[in-house]
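*Asks:* A single structure is presented below for examination.
The values are calculated or read from the model by the stated rules, or taken from the named source; none is laboratory data. Source: prediction; values computed, not measured. Virtual Cβ from ideal backbone geometry, glycine too; neighbours counted across all protein chains shown. What goes into the accessible areas is simple: the full protein's heavy atoms, side chains included, and nothing from ligands, DNA or RNA. Shrake-Rupley method; radii C 1.70, N 1.55, O 1.52, S 1.80 Å.
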Amino acid sequence: MPFYQRLGELPRKRHIVARDNGRLLTEEVMGFEGFSGLESILYHLSSPCRVIELGEFEPIVREEWVPGTHAHRHLRTWDVPPAGDAVSGRQLLMWNGDVEISFARPTETMDYFFRNGEGDEVIFVHEGSGTLESVFGDLPYKPGDYLVVPRGTTYRFAPEGEQRYLVFETPGLITIPKRYRNEHGQLMEHAPYYHRDIHPPTELRTHRDRGEFVVKVRVRGGYQTYVIDYHPFDVVGWDGYVYPWTFSIHDFEPVTGRIHQPPPSHQTFAGPNFVICSFCPRKLDYDPEAVPIPYHHSNLQSEEMIYYVDGNFSSRKGIEVGSVTLHPSGLPHGPQPGLAEKSLGMTETHEYAVMCDTFNPLRLTTLAADLDDGKYMYSWAEDASSDGQAGVTSHL
Ligand SMILES: [Fe+2]
């Protein structure tokens with residue numbers, strides 16, 4: 001999506017005869033917004049429409065938790081038991097009409113191929129490496145990577161080692177914030193990352209196998225299974241602007257200032273009515289009178305989910321790696337008692353976190369209820385001198 005790419009063998013021009021060993025290839029235009037948005041053109045050995053068996057349709061069932069109280073929440077995900085594979089193992093925490101936020105600790109290997117037919121995905125890899133094998137080629141990933149997968153991409157995870165993900169799925173498009181790009185689409189130098197930080201698929205392997213292959217497609221609020229008689233990664237070449245890519249949180253260049261930089265300075269991706277931000281190690285505000293941690297703020301039109309990835313959260317009461325905090329709309333939040341004072345003179349932070357701010361309210365699942373510590377709302381009422389206020393978290 002961020003720039004033009006091509007892999008494999010392509011004919012001289014679009015929409016002309018292209019053959020592989022004498023066989024006419026099937027050209028597929030995969031694009032957004034009718035034929036006006038970004039698109040890629042793929043050349044298949046077989047028609048991508050070819051299906052030999054329609055399988056089951058499995059509706060997505062969400063178990064909603066409607067809390068009896070409106071409160072800030074703290075969910076601990078670290079010890080959630082592993083389950084399923086990279087798709088079936090997604091355990092929904094919260095959602096609205098714009099985005100679904102899930103947590104996954106997959107242990108099984110996908111014995112099928114998957115395509116999200118109704119949404120873009122961002123998969124933050126907290127733990128584990130491997131390869132996202134896709135119709136566009138192989139995309140290696142490692143801890144700290146965001147895997148950005150446009151809708152319509154057929155893929156399968158080939159994981160190596162223990163895996164832990166935070167997953168965002170949206171019916172809208174995941175984009176790079178407009179203010180980072182010039183009118184031609186190129187990332188400008190004030191952006192927190194550059195084209196070199198964006199990694200498209202590295203290798204296209206054309207599969208010529210025949211047999212029975214299962215493809216599961218998320219569409220119309222469920223998963224439809226199809227059986228096809230050719231390997232779905234039968235592409236001999238493709239080019240365009242639509243493809244999966246990775247960007248590492250470790251390549252995000254934090255913006256720092258003499259006084260506090262507001263949360264939008266951490267924005268990494270944009271979605272419809274939500275943003276995804278990266279909090280990374282950085283120098284803190286350097287004015288002698290600066291208060292290096294954020295102000296209190298009221299998220300009057302947004303809900304704020306933060307997933308804590310790495311850093312020394314142990315000194316701050318309750319927050320640990322794998323914690324999720326949710327600051328819902330309508331309530332102010334900010335540094336806990338004593339933290340602003342304690343932060344004075346601090347020069348740097350070493351924490352990593354991923355934040356999603358949504359502009360519409362989030363609904364919670366029963367899994368969120370199970371993980372909720374039930375105490376976080378009271379953490380602002382504690383005595384600043386108590387043990388629980390010993391640490392500083394820089395992005396409250
Ligand atoms: Fe906040």
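*Asks:* Does the range 139-149 include one or more residues that are more than 14 Å from the chain's Cα centre (by Cα), farther than 19 Å from Ala270 by Cα and among the hydroxyl-bearing types (Ser, Thr, Tyr)?
*Replies:* no
*Asks:* Still on this structure, I have one more. So Thr109 clears everything in (1) more than 29 Å from Gln224 (Cβ to Cβ); (2) over 14 Å from the mean Cα position of the chain (by Cα) except one condition, right? Which one?
*Replies:* (1)
*Asks:* Kindly provide the set of residues from the range 322-350 that are open to solvent by 40 Å² or more (accessible area, probe 1.4 Å) and assigned to a loop (DSSP other than H, G, I, E, B), ordered by number. Break it down into steps so the answer makes sense when it comes.
*Replies:* From the range 322-350, those open to solvent by 40 Å² or more (accessible area, probe 1.4 Å) are 330, 332, 340-342, 344-348, 350; that's our starting set.
Selection gives Gly330, Leu344, Gly345, Met346, Thr347, His350.
*Asks:* In the range 4-34, what residues are without any contact (Cβ under 8 Å) to a residue 12 or more places away in the chain and more than 27 Å from Val149 (Cα to Cα)? Don't jump to the end; show me each part of the working.
*Replies:* Kept after step one, since they are without any contact (Cβ under 8 Å) to a residue 12 or more places away in the chain, are these residues of the range 4-34: 12-13, 16-17, 19, 21-22, 24, 33-34.
Once the filter is applied, which keeps residues that are without any contact (Cβ under 8 Å) to a residue 12 or more places away in the chain and more than 27 Å from Val149 (Cα to Cα), the range 4-34 yields Arg12, Ile16, Val17, Arg19, Asn21, Gly22, Leu24.
*Asks:* If you don't mind, another one. Please verify whether the range 47-65 includes one or more residues that are on the phi < 0 side of the Ramachandran plot, of a type outside the set (Phe, Trp, Tyr), buried (at least 17 other Cβ atoms within 10 Å of the Cβ) and touching an Asp or Glu at 6+ places or on another chain (Cβ under 6 Å). It would help to see each step written out before you state the result.
*Replies:* Kept after step one, since they are on the phi < 0 side of the Ramachandran plot, are these residues of the range 47-65: 47-65.
Among the residues that remain, those that are also of a type outside the set (Phe, Trp, Tyr) are: 47-56, 58-64.
If we keep only those that are buried (at least 17 other Cβ atoms within 10 Å of the Cβ) too, we end up with 48.
Still in the running and touching an Asp or Glu at 6+ places or on another chain (Cβ under 6 Å): 48.
Within the range 47-65, one or more residues are on the phi < 0 side of the Ramachandran plot, of a type outside the set (Phe, Trp, Tyr), buried (at least 17 other Cβ atoms within 10 Å of the Cβ) and touching an Asp or Glu at 6+ places or on another chain (Cβ under 6 Å).
*Asks:* State which residue pairs qualify: first residue closer than 19 Å to Gly257 by Cα and inside the range 331-348, second residue more than 16 Å from the ligand (Cβ to nearest atom) and among the hydrophobic types (A, V, I, L, M, F, W, C) in any location, beta carbons under 6 Å apart, and separation of 6 or more residues or different chains.
*Replies:* Filtered contacts from the range 331-348: Met346/Leu284; Thr347/Leu284; Glu348/Leu284.
*Asks:* Let me confirm something: among Leu173, Leu204, which residue is over 19 Å from Phe252 (Cα atoms) and more than 20 Å from the chain's Cα centre (by Cα)? Give the steps one after another, and end with the answer.
*Replies:* Numbers: Leu173 fails: more than 20 Å from the chain's Cα centre (by Cα).
Criteria check complete, one pass: Leu204.
*Asks:* A further question follows. May I ask you to list the residues in the range 299-333 that are within 14 Å of the ligand (Cβ to nearest atom) and modelled with pLDDT under 90? Explain how you work it out, then say what you get.
*Replies:* The first filter runs over the range 299-333 and keeps only residues within 14 Å of the ligand (Cβ to nearest atom), leaving 299-308, 319, 324-333.
Within the range 299-333, Asn299, Leu300, Gln301, Ile319 qualify.
*Asks:* Considering only residues that are part of a loop (DSSP other than H, G, I, E, B) and closer than 19 Å to Phe274 by Cα, which ones fall in the range 351-369? Full working, then the answer.
*Replies:* Taking the range 351-369 and keeping what is part of a loop (DSSP other than H, G, I, E, B), we get 351, 359-362.
Once the filter is applied, which keeps residues that are part of a loop (DSSP other than H, G, I, E, B) and closer than 19 Å to Phe274 by Cα, the range 351-369 yields Phe359, Asn360, Pro361, Leu362.
*Asks:* All but one of (1) free of Cβ contacts under 8 Å to residues at least 40 places away in the same chain; (2) more than 16 Å from the ligand (Cβ to nearest atom); (3) closer than 21 Å to Tyr307 by Cα hold for His231; which doesn't?
*Replies:* (3)
*Asks:* Search the range 286-298 for residues being more than 9 Å from the ligand (Cβ to nearest atom) and open to solvent by less than 100 Å² (accessible area, probe 1.4 Å), and hand back the single one that is farthest from the chain's Cα centre (by Cα).
*Replies:* Once the filter is applied, the top-ranked residue is Asp287.
*Asks:* Regarding Val275, is this residue open to solvent by 10 Å² or more (accessible area, probe 1.4 Å), within 15 Å of the ligand (Cβ to nearest atom) and assigned to a strand (DSSP E or B)? Give the steps one after another, and end with the answer.
*Replies:* Details: open to solvent by 10 Å² or more (accessible area, probe 1.4 Å): yes; within 15 Å of the ligand (Cβ to nearest atom): yes; assigned to a strand (DSSP E or B): yes.
Here the answer is yes, as Val275 does meet what is asked.
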